[in-house]
């Protein structure tokens, strides 16, 4: 904005600013800051997303490992089940084969005697592959009517207290005659009628019909190692007469087995590796197992297999050992994955934080560059306006002075007035300046220790930089005129300066002199009058009321009070 009587000079000095290197740097910084990277928009979400992604991968890896471990465990379970089944069937077949051989041997004897059974039992007990068996017994087939004569013979060849114990009514009986080894625990089996007990009778009849070794269901045995009762089963093999002609059943040879001993003989408990084995009688409605070894039976986890022991159907349930919630490899993978996820979360957080700090730094640099450029343009504008004012002052001062000394003196005073106001603006960083500060700076040379010659009062009103400069020039001209010709030229003179808000955006400054020399009606018009009525009025965009009254000069100035956003250098930034 031009500020002087020579308007062409002011317009000449105010040309459109050119943008140079600083603007290009600012543009590049602005473009870099504006092109925000996508991860900066979510500074907390990205690290959490990375953590969740790694955690998900870890969980999927653990699930895959557990699936493989499950398949491996299932294969191991199937292998263990097949191995146990094979071992049990192998032991049962070996005993059945030995009983079959014994039946063939006894069929060649006309009369079976104790020594035959003792020798056969000794051979079975010596065979390590048959170590699971108990006592070996022989039961001849006799008519029920012959029981008294049979008991007399048995008391001579077996034991003195021998008695046939038969609860049935069949015409034929199969009483146990010999039991080997002949020890106290096995003698309880003497005289038992095999056909008199349903479980034993069913197996005996099936063996007779099939001529094969046949196992019984669950029966109570008398352990050969003592007198205690033990649950188990037996295997019977029929013995027929040898030679030509129709075969005749001579009796049954059999062997009793403790279920627990049979299972442990077939499968070493140390080889079970925590597995549980339960053997059930598939032909019996009883739900309890014949024997359970190892871990307790768990039907919902067990591998169930059908098994045949000496032509008798049974069920084998192999229960795997209780497994941990996660395998060792899965647990290690889970811990490692969570550790990596946490580390990546921390690293991503640090990277994001650094990126945000870099972005803030770039924004600050952009702001500083923008402020620098705006300051440069504002300074250029201020300098041009000041130079325009100086040129106008020089031109008008030259016209109104008659000698060099007067010209220099007037010029120096007016330039100092501009300088004083510039100092105020510099102190406020070219922000707002109060009217009181402008007035105090201009009248300072003419007042001493509050002597009351000049009084200034009014509310706190902030002025824009250009308005403060114009007001300073006006006060300077008034105080200079007063010191030369007016109230300040005599000891009795007084100057009163007051100001107040007229409207929301307009302040009125009043200058009033009193006690000075009378003002002549006829006077020469000086530069101060032109400066106030032309330059200052033009700058303030309001007319100046300058009255040279006889008792003292009166001057009223209307000064705009603009909001900071209208003139502050960083108004755009603050907005």
> Just wondering, is there one or more residues in region 527-535 that are over 27 Å from residue 453 (Cβ atoms), outside any loop (DSSP other than H, G, I, E, B) and modelled with pLDDT of 90 or more?
Replying inline: no
>> Kindly evaluate residue 301 against the criterion of being surrounded by fewer than 20 Cβ atoms within 10 Å (Cβ to Cβ), touching a residue at least 24 places away in the same chain (Cβ under 8 Å) and either assigned to a strand (DSSP E or B) or in contact with a strand residue (DSSP E or B) (Cβ under 7 Å, 6 or more places away or on another chain) (or both).
In response: no
> Between a first residue in region 100-127 that is farther than 22 Å from residue 215 by Cα and a second residue that is assigned to a helix (DSSP H, G or I), which pairs have beta carbons less than 7 Å apart while being 6 or more apart in sequence or on different chains?
Replying inline: 109/116; 112/106; 114/157; 116/106
> Could you list, in sequence order, the residues of region 268-285 that are in a loop (DSSP other than H, G, I, E, B) and either farther than 10 Å from residue 318 by Cβ or at pLDDT 85 or above (or both)?
Replying inline: 268, 273, 274, 275, 282, 283, 284, 285
>> Where the second residue is part of a helix (DSSP H, G or I) and crowded, with 16+ Cβ neighbours inside 10 Å and the first is at negative phi and not assigned by TED's automatic domain parsing to the domain that holds residue 144 and lies in region 190-213, which pairs have Cβ atoms under 8 Å and are six or more apart or on separate chains?
In response: none
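Conditions tested, residue by residue: (1) crowded, with 21+ Cβ neighbours inside 10 Å; (2) outside the structural domain of residue 551 (by TED's automatic domain parsing); (3) touching a strand residue (DSSP E or B) at 6+ places or on another chain (Cβ under 6 Å); (4) at pLDDT 90 or above.
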| residue | (1), (2), (3), (4) |
| --- | --- |
| 481 | yes, no, no, no |
| 486 | yes, no, yes, no |
| 505 | no, no, no, no |
| 518 | no, no, no, no |
| 521 | no, no, no, no |
| 524 | no, no, no, no |
> How many residues are within 60 Å of the chain's Cα centre (by Cα) and surrounded by fewer than 17 Cβ atoms within 10 Å (Cβ to Cβ) when one looks only at region 90-125?
Replying inline: 1
> Restricting attention to region 317-336, and to residues there that are at pLDDT 85 or above and touching a helix residue (DSSP H, G or I) at 6+ places or on another chain (Cβ under 7 Å), which single residue is farthest from residue 74 (Cα to Cα)?
Replying inline: 333
> Only one residue in 418, 463 is buried (at least 16 other Cβ atoms within 10 Å of the Cβ), modelled with pLDDT under 85 and assigned by TED's automatic domain parsing to the domain that holds residue 518, so which one is that?
Replying inline: 418
> Out of (1) part of a loop (DSSP other than H, G, I, E, B); (2) out of contact with any helix residue (DSSP H, G or I) (no Cβ under 7 Å at 6 or more places or on another chain), what's the single condition that is false for residue 208?
Replying inline: (1)
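The values are calculated or read from the model by the stated rules, or taken from the named source; none is laboratory data. The shown structure was predicted, so the numbers you read here are calculated from the model rather than taken from an experiment. Please note: Cβ atoms are built from the backbone with ideal geometry, for glycine as well, and neighbour counts cover all protein chains shown.
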